[in-house]
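Written below as structure tokens is the structure these notes are about.
The values are calculated or read from the model by the stated rules, or taken from the named source; none is laboratory data. Please read all numbers here as calculations on a predicted model, not as lab measurements. When we count neighbours, we look across all protein chains shown, and the Cβ atoms used for this are built from the backbone with ideal geometry, even at glycine.
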Amino acid sequence: MASRGVAWLITWEGTNPPERLAAILHWHTSEKCIPVIVELLYALQGASVEELAEQARKPTSNPYRVTEDVNGFSCGHNPHLYARLVDKLKVERDAETGAQTISWTERCKYRPIWSGPGAPRAEVAIPARPGQQIRRPKPMRLWRVSAHEMTLMNPLIGKSGTVPV
């Protein structure tokens, strides 16, 4: 077990996303930072370099803005990113295969209501429940590969570390 507790979980939702897990953030990460992180993750998935530069220069030019509701943050269309706080986040690794399994408990989902002045503005729509598990194959850590190992893996890379054109 690598970690256990409360965390911000950002997942891809929709029709057959290629990878469900987008990010896991510390639960102390400010709610003001989450929309920026989610928009960046979404843009990095599909935007061109020109679009990324334009969004850096003028953030309001982003066509896929984050929307917030009482349950979390969403960004994009199918597939879209969904960021929310989850409980009992746990990461387990299979000793034989190295595959990782991520499990968590979703918090209660609320829906907004308004029945008059002084009345509650939200009610529980879905009670807390276990989240879906995400299984990932053994991770490949490229940042731990030395320049010499990269040269051995790719003969096009010269001794200077550059690729000839």
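Quick rundown of the values:
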{"item": "Residue in region 108-125 that is surrounded by 11 or more Cβ atoms within 10 Å (Cβ to Cβ), modelled with pLDDT of 80 or more and within 30 Å of residue 68 (Cβ to Cβ) present", "result": "yes"}
{"item": "Flag for residue 43 being within 20 Å of residue 131 (Cβ to Cβ), among the small types (Gly, Ala, Ser), surrounded by 19 or more Cβ atoms within 10 Å (Cβ to Cβ) and touching a Leu at 6+ places or on another chain (Cβ under 9 Å)", "result": "no"}
{"item": "Contacts under 8 angstrom Cβ, first residue in region 99-119 being farther than 25 Å from residue 22 by Cβ, partner assigned to a strand (DSSP E or B) and of a type in the set (A, V, I, L, M, F, W, C), 6 or more apart", "result": "112/122; 113/122"}
{"item": "Identity of the residue in region 27-76, β-branched (Val, Ile, Thr) and assigned to a helix (DSSP H, G or I), that ends up modelled with the lowest pLDDT", "result": "60"}
{"item": "Some residue of region 82-89 being in a loop (DSSP other than H, G, I, E, B), buried (at least 17 other Cβ atoms within 10 Å of the Cβ) and not acidic (Asp, Glu)", "result": "no"}
{"item": "Which numbered condition residue 95 misses (of (1) of a type in the set (A, V, I, L, M); (2) under 16 Å from the mean Cα position of the chain (by Cα); (3) part of a loop (DSSP other than H, G, I, E, B))", "result": "(2)"}
{"item": "Selection from region 1-35 of residues that are of a type in the set (Val, Ile, Thr) and in contact (Cβ under 8 Å) with a residue 24 or more places away in the chain", "result": "6, 10, 11, 15, 24, 34"}
